[in-house]
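Worksheet: the structure to be examined is printed underneath.
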Amino acid sequence: MTQLTIDNKQYVIIHEASYQELQKQAALKWKPEKTFSIEEARAYSKKLIRKWASAK
C-alpha cells in the first residue's frame with residue numbers, strides 16, 4: 001500500500017486483488033433498506049414511472 005498526495009488530497013494505492021477483496025467484503029455486508037414483495041415492487045415501480053413521465 002502506497003500513500004500519494006495530489007493537490008492536498010491523500011490517496012492510497014493498493015493491488016487490484018486487494019481492492020477486489022475489499023469490494024467483495026463490502027458487498028457482503030450491505031443490506032437493502034427494505035425488501036418488497038412482487039406486488040409492492042410493481043406498484044412502486046409504476047409510481048416512479050408516472051412521476052418520471054410527468055416531469056418530462
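The values are calculated or read from the model by the stated rules, or taken from the named source; none is laboratory data. What you are looking at is a predicted structure, and each value in this text was computed from that prediction instead of being measured. All Cβ positions, glycine included, derive from the backbone under ideal geometry; neighbour counts span all protein chains shown.
Reported count of residues in the stretch 20-44, each being in a helix (DSSP H, G or I), more than 20 Å from the chain's Cα centre (by Cα) and surrounded by fewer than 10 Cβ atoms within 10 Å (Cβ to Cβ), is 2. For the stretch 5-24, does any single residue satisfy the condition of being in contact (Cβ under 8 Å) with a residue 12 or more places away in the chain and touching a Ser or Thr at 6+ places or on another chain (Cβ under 6 Å)? Within the stretch 5-24 (the criterion being in contact (Cβ under 8 Å) with a residue 12 or more places away in the chain and touching a Ser or Thr at 6+ places or on another chain (Cβ under 6 Å)), the answer is yes, since at least one residue qualifies.
Would you confirm, using the coordinates I've provided, whether K9 is exposed (fewer than 10 other Cβ atoms within 10 Å of the Cβ) and at pLDDT 90 or above? So K9 passes the test.
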